[in-house]
Amino acid sequence: MIDEWGNIWRRLENITKGEVYKGVIEDNWDQLDTYEFPKTDGVDLYEDARARCKELHEKGYYVLGGVGWPFNIARYMRRMENFLADVAGDKERVKELMQKITDMREVEIYRMADAGVDGIMSGEDWGTQDRLLVHPNSFREIFKPCFKQLCGAAHSRGLSVWFHSCGYVTEVLEDWVEAGIDVCQFDQPELHSIDYLSENFGGRMHFWCPVDIQKTLQSGDPATVEMAAREYIEKLGCFGGGFVAGYYGSNEAIGVDPELQAIACRAFMKYGDPAPERRA
């Protein structure tokens, strides 16, 4: 696949989207000087989104508009291993690229707002299993300003900001709150500790999660899955709507029996129901 930015993608199976095999400016930074960015700000490009928003609002839905976030785009363009080295060794070029992408995405947020969305949904995987992909200080110097600019643009139009990330990102969650992220979508919430999320961010940030896909669902134990769903509701959902129950979209990709997620869904409905007789 060749994406809109000119990156070439490959994959080894037919489940995931794969990964960038050849970044469009991977060979050297001089390619950025002549690179022609895709045109994403044309009003006509958002007519379908406007019609879809109208249709969904008539059905009573809350509508999220998808907007790509700058780190993902930049690391695709340079390819991951090059880009992470750039963060340490060529940060001024990284800042230049990040700002160009951020300015583009800001306009897209305004176009989405004009189309009628209620919030913005984006995401970038910022962590491995035990650490952030970059030093937290590098995140704050290079990337946090981009977060603030885009969240500010969304909030200026009355939009909420929903953000997905996989991996251990605990060290920068406070920065995300300060930047303006309203909802974190985590598929591995237990990587951060449910107690930690509750005690430090309850009432300040909302969380949208399935039962943890790498730990609890993998246990295969129905009682453990139900217990986890109840814990999420009680610890993350007790701050005025601070928890959104989630469902991981590909049981096949994580090797999980769909019935385990069905058990989680029933538990979310049971313990999230405000009627006392349903929670007993």
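Select from W126, G246, I15 the residue farthest towards the positive end of the dipole of the chain; place +1 on Cβ of Lys and Arg, -1 on Cβ of Asp and Glu, and compute about the Cα centre.
Positive-most Cα among the choices belongs to G246.
Within segment 73-93, which residues have the backbone N less than 20 Å from the label spot 7 Å out from R131 along Cα→beta-carbon, could you tell me?
Hits in segment 73-93 for R131 at 20 Å: 80-91.
Greater than 28 Å separation of Cα atoms is the criterion. Which listed pairs, K17/K54; K17/K100; K39/K148; K215/K235; K17/K270; K91/K215, meet it? Don't jump to the answer; show the numbers that get you there.
Numbers: K17/K54 30 Å; K17/K100 25 Å; K39/K148 23 Å; K215/K235 18 Å; K17/K270 34 Å; K91/K215 36 Å.
Checking Cα-Cα distances, K17/K54; K17/K270; K91/K215 exceed 28 Å.
List the residues of segment 25-51 whose backbone N lies under 19 Å from a point placed 7 Å from the Cα of R93 along the Cα-to-Cβ direction.
25-37
Whose amide H sits under 5 Å from the amide H of K22, counting only residues 5 or more places off or on another chain, with H placed in the peptide plane?
Residues meeting the criterion, in which the H sits 1.01 Å from N, are I8.
Averaging over all projection directions, find the projected area of the Cα convex hull of the chain and quote it in nm² with one decimal place.
Details: hull surface 63.6 nm².
About 15.9 nm², averaged over all directions.
How do the peptides 127-134, 266-273, 148-155 rank, highest first, by the average count of neighbouring beta carbon atoms within 10 Å per residue? Walk me through the intermediate numbers first.
Values: 127-134: 15.1, 266-273: 17.0, 148-155: 20.0.
Output ranking for 127-134, 266-273, 148-155: 148-155, 266-273, 127-134.
Could you give the dipole magnitude of the chain about its Cα centre, charging the beta-carbon of Lys and Arg +1 and that of Asp and Glu -1, in debye to the nearest 20? Intermediate values should be presented prior to the final figure.
Details: 31 positive and 48 negative charges, 81 e Å.
Charge dipole of the chain: 380 debye, to the nearest 20.
Please check the chain for the longest run free of GluC sites (Glu not before Pro) that are loop-located per DSSP (anything but H, G, I, E, B) and have at most 10 other Cβ atoms within 10 Å. Don't jump to the answer; show the numbers that get you there.
Working: sites that count: E13, E36.
Answer from the scan: 37-280.
Got a sec to turn the phi values of segment 205-218 into Karplus ³J(HN,Hα) couplings, 6.51 cos²θ - 1.76 cosθ + 1.60 with θ = phi - 60°, whole Hz, x for Gly and Pro?
8, 9, 10, 10, 8, x, 4, 2, 7, 9, 10, 6, 4, 5
Give me the percent of the accessible area of segment 1-154 that comes from carbon and sulfur atoms, probe 1.4 Å, all protein chains in place. Walk me through the numbers on the way to the answer.
On the way: 4000 of 8040 Å².
After summing per-atom areas, the C and S share lands at 50 percent.
Quick one: the Cα spread of segment 186-280 along its three principal axes, in angstroms, biggest first?
Cα extents, longest axis first: 34, 31, 19 Å.
The values are calculated or read from the model by the stated rules, or taken from the named source; none is laboratory data. Predicted, not measured: the structure shown is a model, and the values here were computed from it. Here Cβ is always computed from backbone atoms with ideal geometry, including for glycine, and neighbour counts include all displayed protein chains. Quick note on the areas: whole protein, heavy atoms, side chains included, nothing else; ligands and nucleic acids left out. Shrake-Rupley method; radii C 1.70, N 1.55, O 1.52, S 1.80 Å.
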